[in-house]
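Okay, structure first, notes after.
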Amino acid sequence: MRLLAVFILMLCCLPAFAGQCQLSAGSASQTATLDGPQRAIAIEGGKVAITVRCQDLATEAVLQFRALALHQPKLEMAGTAIEAEPNHRLAYPIPKGSSSALFTVQSDLPRPLSFQLSDRRHYRQANIRHNAMMFSYLGVALALSFYNLLLWLRMGEWQFGLYSAYTLATAWFFATQEGIPLLLAGQSYWLVPSLPLAGLTVFTGTLFFAQFLALPRHHPRFCRWLVQLPALFVLLFSLITLAFGNTHKLLDALMGLLTIWLQLCLMGLALLRAVKGDRDGLWTAVALALLLVGILTRRQTANGGDFIAYYGLIIAALLEAMLLAYMVARRLRVIKQEHRQALHMALTDPLTGILNRQGWQKAVAGQSCIAPEQWQAVYFIDLNAFKAVNDQHGHLGGDKALVTVANVTQRLLGHEATLGRYAGDEFVVYSRGQREQLAELTQRLRRQLSAVMVPGHPNFKVSATVGVHYQQGPCSLEELLAAADSSMYALKAGAD
């Protein structure tokens, strides 16, 4: 009795047999059990026919295939095509019980074809996680691509355009691996040439990293022969595969070796830039290292046998995209700061530090559009006998006189008027307000600039003539300047 009880207990502890599916392609054969481990069957390149025989399935199941670059998949039962599961072109429902089917597919290269038999409910739960990961990456990549495209169109910086092309090509490549274009466009094979897309991704990525690190400027020979030329060969090899239907194994191997070579060369040059003080060099090397690990993982386990093999490159690409987004954002801040500095220098007089002619006109242009009842005025300031100042004190003395007049005038005006250096020894001022306020400002300017002491030179004095034109209501800036200039010359003529 004791032996019988132990035997019955052992039978109860054994897992229930839930069914299995056997796949056969030529002489190769593999069997997968329901919710069991993933299996792989070797297939040749080109069109492949695989016989599927399922026995004693305890529930509805899903037969899912995982492999890179498969095209035109089709599963038929009793001559009727079985529609794939939603959002996945390589997962097919299998009915409960026993059945047989024929699976046909076009493979780019001879490779192991991984497959797994799952309970349909379990598959859909896992598929939700899979889609979340894939569409998270695709969403990030497309957003980065669109944003950098706008930056390129707005700023004209090639590094942003190349980054946009690189992220778009990468997203398209991974979408192709998952068959998303086929889901959207049926059997339009030209939309999903996997090797040309891989070549385009490598080519655009290489050009982006080279441009981002300024390798053509800092290391022109290394960049030309070790980076740009191999990247061009990868692109050419990938395009040649179109003539062979993506089944040329030698070209695929050459592309793989050149891709790894490019990764190593770019990492080395990035570290060299980091040693020379370029902070972006270190982060670029880290991003390239992540991508290289993902590429090696994908190539060493091309059948996608486990989570890391299947998602490793996608995770690496996602981390790389986030890291590159951080670096591009830093580079964008630097470029904007440089643009602001360049704009400031373009609109500022380098000697006196006030607005130059262009900067003053730009600042005043938005202020001169006033209501008909308002008053505005332009003051034209010209130093008296400035040639004699240069002759007596030299050009350095003349520069000191100009700086002193600019500082004195700026302190007098404060924020109530806009001062600029018009040309040579001429300054201009624009102000708005009541007629009496503008007239009072005229008197203060003339009084202050009648005798200006140059600091550090007790006997060095300069004076200036201030012409002014008051205008009620709107008037063009050119007319205001011309009238103020005439007023200044009239005062000089009267003084003479």
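The values are calculated or read from the model by the stated rules, or taken from the named source; none is laboratory data. Just so you know, these numbers come straight off a predicted model, no measurement behind them. Counting neighbours? That spans all protein chains shown, and the Cβs are built from the backbone with ideal geometry, glycine included.
The figures follow:
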quantity	calculated
Odd one out for LYS249, checked against (1) charged (D, E, K, R); (2) out of contact with any helix residue (DSSP H, G or I) (no Cβ under 8 Å at 6 or more places or on another chain); (3) at pLDDT 80 or above	(3)
Residue check for GLY424: touching a residue at least 12 places away in the same chain (Cβ under 8 Å), under 25 Å from HIS344 (Cα atoms), in the same structural domain as ALA484 (by TED's automatic domain parsing) and exposed (fewer than 13 other Cβ atoms within 10 Å of the Cβ)	yes
Flag if TYR430 is touching a strand residue (DSSP E or B) at 6+ places or on another chain (Cβ under 8 Å), surrounded by 19 or more Cβ atoms within 10 Å (Cβ to Cβ) and not in a helix (DSSP H, G or I)	yes
Residues of the stretch 367-411 satisfying the condition of being part of a loop (DSSP other than H, G, I, E, B) and polar (S, T, N, Q)	GLN367, SER368, GLN374, ASN384
Tally, over the stretch 464-496, of residues that are buried (at least 16 other Cβ atoms within 10 Å of the Cβ) and more than 54 Å from the chain's Cα centre (by Cα)	5
Options ALA363, ALA388, ALA371; residue that is small (Gly, Ala, Ser) and free of Cβ contacts under 8 Å to residues at least 24 places away in the same chain	ALA388
Residue within the stretch 117-136 that is in contact with a Gly (Cβ under 6 Å, 6 or more places away or on another chain), part of a strand (DSSP E or B), of a type outside the set (A, V, I, L, M, F, W, C) and crowded, with 19+ Cβ neighbours inside 10 Å present	no
Selection from the stretch 253-274 of residues that are surrounded by fewer than 23 Cβ atoms within 10 Å (Cβ to Cβ) and in contact with a Gly (Cβ under 6 Å, 6 or more places away or on another chain)	ARG273, ALA274
Residue that is surrounded by the fewest Cβ atoms within 10 Å (Cβ to Cβ) [pool: residues in the stretch 322-366 that are assigned to a helix (DSSP H, G or I) and of a type in the set (Val, Ile, Thr)]	VAL334
Any chance LEU144 is modelled with pLDDT of 90 or more and either surrounded by fewer than 16 Cβ atoms within 10 Å (Cβ to Cβ) or hydrophobic (A, V, I, L, M, F, W, C) (or both)	yes
Residue check, ILE8 on the phi < 0 side of the Ramachandran plot, modelled with pLDDT of 90 or more and not hydroxyl-bearing (Ser, Thr, Tyr)	no
Qualifying residues in the stretch 151-167 (those that are under 18 Å from TYR326 (Cβ atoms) and not hydroxyl-bearing (Ser, Thr, Tyr)) - the one modelled with the lowest pLDDT	GLU157
